[in-house]
1. How much net charge surrounds Val120 when only other residues with a Cβ under 13 Å from its Cβ are counted (Lys, Arg +1; Asp, Glu -1)?
2. Would you mind ranking Leu242, Leu161 so that the residue whose beta carbon has the fewest other beta carbons within 10 Å leads the list?
3. Which of Ile331, Ile288, Ile18 moves most in a GNM of the chain, Cα contacts under 10 Å?
4. Pairs of Cα atoms under 8 Å, at least six residues apart: use those to get the relative contact order of the chain, whole percent.
5. For the chain, which DSSP H helices look membrane-span-like by this rule: Cα extent along the axis of 18 Å or more and mean Kyte-Doolittle of at least -1.0?
6. Which of the lysines could be linked to Lys39 by a straight reach, that is with a Cα gap under 29 Å, when you skip same-chain ones fewer than 8 residues away?
7. For the range 3-84, give the magnitude of the charge dipole about the Cα centre (Cβ charges: +1 Lys/Arg, -1 Asp/Glu; no others), in debye to the nearest 20.
8. With the contact rule set at Cα under 8 Å and sequence spacing of 6 or more, what percent relative contact order holds for the range 186-345?
Amino acid sequence: MDAGRELEQILQTAQETIRTQTKSEQEVERQRVAWLGRKSRLTELSRQAASLAGEQKISFWRQFNRVKSAIEGELAGRRQALLAQPAGDAIDVTLPGRALPQGRLHPITQTMERILSLFVPMGFDILEGPEVEFEYYNFDALNIPRDHPSRESFDTFFVDLPSPQPGKGRLLLRSHTSPVQVRVMEQRRPPLRIVVPGRVFRPDPLDPSHSFTFHQVEGLMVDGRTSFADLKGVLDHFSKALFGPHTKTRFRPHYFPFTEPSAEVDIACAACHGKGCATCGRKGWLEIMGCGMVHPNVLKAGKYDPRKVQGFAFGMGVERVAMLTHGIHDIRLFFENDLRFLEQF
Ligand code: DAH
């Protein structure tokens, strides 16, 4: 093959290879060495050209230089193109941002915080007590005597460990937050205004409205002159703040061993406004908590003098309040940790 045709062929193949087979700067360099390097066919041809003379010599070098700069141009073009193209790990600032998964509080925590936040401006302090409790605080100190049938309504998980203070009875998982009332009275002098959030336990089989564990918020206010009117005022204000300003409340006589008199607080059903529907079980009213004037025996257990101080107490179920405010019909949803449920709050 004469040198002229070979030069043309080298140019064609070089251009094609460089265009299609250089994905990185290293590959461009490899192609440069292959086509223009010391051991390349082009260099070899230039050496052989030493034997040429006259017209042949002139036309060879003219063609040689054109081919060489065309290949150099091709390589330079590829280098430019690779520089302009972002590498795989570079940041493309034009891409839309990636949303970070955001955590949120459990609906029970949210409801608990909401309830507490309504009592704090009325001067109530937030306190807590232990989940593993003595029989004494859970029952005896709350005027629930050993053989009294009302103990059965607070069916209890007992803890199978020797009691560290046998005088205070066996250990158990508290069945309500009321025991914290007496614990706090033992520690603080009146006047007293506290709310107590916490988890409680009862051996109930799981169903849409029962769980072996749930949460309560307890309240206690004691001073020289607190009356049932204060109890009604505080809880009526609370109910309106939580369920809406037009919420009607009703205080229905009831019995609790630790209060006298006792009542249950109902709110008029928001779904039917008291007419009676499926939500309220045709009653027109929804029970939201128990309350009453603290029984003199409970004040005595807390080393308070019932002739000098009096007070009211109340206790409500947090799951129940969350179910009412969000229209949830199954308590088990709160404990199953299904993200499809939790992500709605
Ligand atoms: N401890 C009661 C329960 O778990 C609720 C309760 C009722 C608490 C009346 C009180 C109260 O402080 O005064 O059912």
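Where a number appears in this text, it was derived from the coordinates with a stated rule and is not lab data. These figures come from a predicted structure and were not determined experimentally. Every residue, glycine among them, receives a Cβ derived from its backbone with ideal geometry; neighbour counts consider all protein chains shown.
1. 0
2. Details: Leu242 18, Leu161 9.
With the sparsest Cβ surroundings first, the list reads Leu161, Leu242.
3. Residue with maximal mean-square fluctuation among Ile331, Ile288, Ile18: Ile18.
4. Numbers: 525 pairs, mean separation 51.6, N = 345.
Relative contact order here is 15 percent.
5. Working: long enough: 3-21 (26 Å, -0.83); 54-84 (45 Å, -0.54); 107-119 (19 Å, 0.46); 228-243 (22 Å, 0.52).
The answer, listed by residue number, is 3-21, 54-84, 107-119, 228-243.
6. In chain and number order, the partners are Lys23, Lys57, Lys68.
7. Working: 15 positive and 10 negative charges, 30 e Å.
Roughly 140 debye for the range 3-84.
8. Values: 281 pairs, mean separation 40.5, N = 160.
Value for the range 186-345: 25 percent.
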